Structure formats: structure tokens, C-alpha cells
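The values are calculated or read from the model by the stated rules, or taken from the named source; none is laboratory data. The shown structure was predicted, so the numbers you read here are calculated from the model rather than taken from an experiment. Please note: Cβ atoms are built from the backbone with ideal geometry, for glycine as well, and neighbour counts cover all protein chains shown.
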Amino acid sequence: MVTLIALISSGKGTWGQVLSVINSYKWDNIYLICNNFSYDNFKIDPNLAIKLKFDEKNLIKSFNKISDFFKKNIKDFEVAINLYSGNGMEHMILVSSILKSGLGIRFVYCENKELKEFKLLELDEIEEYVEF
């Protein structure tokens, strides 16, 4: 099972990148974490993705609410996450919520209509720094 969690927030032009990630893979589940504006204005088929709204005025309450939701609803060991949209505080809340719920994360993005992932260590990159 592959679950995508993406932040949909403020930021001119950021929603297109998130849509590219959504459309680049056949996800089993998609959860979109939204502020008030994006929750009301980002249109997506409710059969494709579930939108969760965070309260910009009470981020700690939102953090706990989102963490509890993930814990109850995601049975995977890890999730794919896209943070192209949003700001630093929103990013910290989302990543912390995922980790608090016991999930691992894989950072994904879309480039030329192809899903890509930031990998922590690539063997060819390691070889630059270490002799084998």
C-alpha cells in the first residue's frame, strides 16, 4: 500500500507541483493537509483524495488532531510526502505529525511528469567520499 501525504497551502504556483505528484503515480490513499484558504479553494475529486484542514490559529491542536488521524487511518510502515507547498511551520507540523504517528517518510516530487524521490544515500554519491 502506498500513501501520499501532501501539504496544500499558500504559495503562488505550488498547487501545480502537488497535482503533478498526485497524477504521476497510482496512489492507494492521498491525504492533503490544507489551511483554510486551500481547503476551500483547492478542488479535487473527494474519491481521489481526503482533505484535512489545520487551524492556522491553533497549530498545536492541529498537530495532535492530524497525528491522531494518521495513527488511526494509515496502516503502512511509511508514507510518501510532498512539501512543495506551504511554509516552514506548516512543514514542521506535518513532518512531526507523521513521525509521532509512527510512520517513516519518503520525500517525493515530480519532474518532467515523472515521480522522483529524495534518497538519503546513493552508492555512487558515497563513493565520492569513501574509498572501497
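The residue that is surrounded by the most Cβ atoms within 10 Å (Cβ to Cβ), among those in segment 47-75 that are modelled with pLDDT under 90 and part of a loop (DSSP other than H, G, I, E, B), is PHE54. Residue pairs whose Cβ atoms lie under 6 Å apart, sitting 6 or more positions apart in sequence or on different chains, and linking a residue in segment 25-47 that is farther than 26 Å from LYS116 by Cβ to a partner that is part of a strand (DSSP E or B), are TYR39/LYS51; TYR39/LYS53. Residues that are of a type outside the set (Gly, Ala, Ser) and in a loop (DSSP other than H, G, I, E, B) were ranked within segment 76-115; the one that is farthest from the chain's Cα centre (by Cα) is ASN112.
Within segment 22-46, if we keep just the residues that are among the hydroxyl-bearing types (Ser, Thr, Tyr) and in a helix (DSSP H, G or I), the residue that is surrounded by the most Cβ atoms within 10 Å (Cβ to Cβ) turns out to be SER38.
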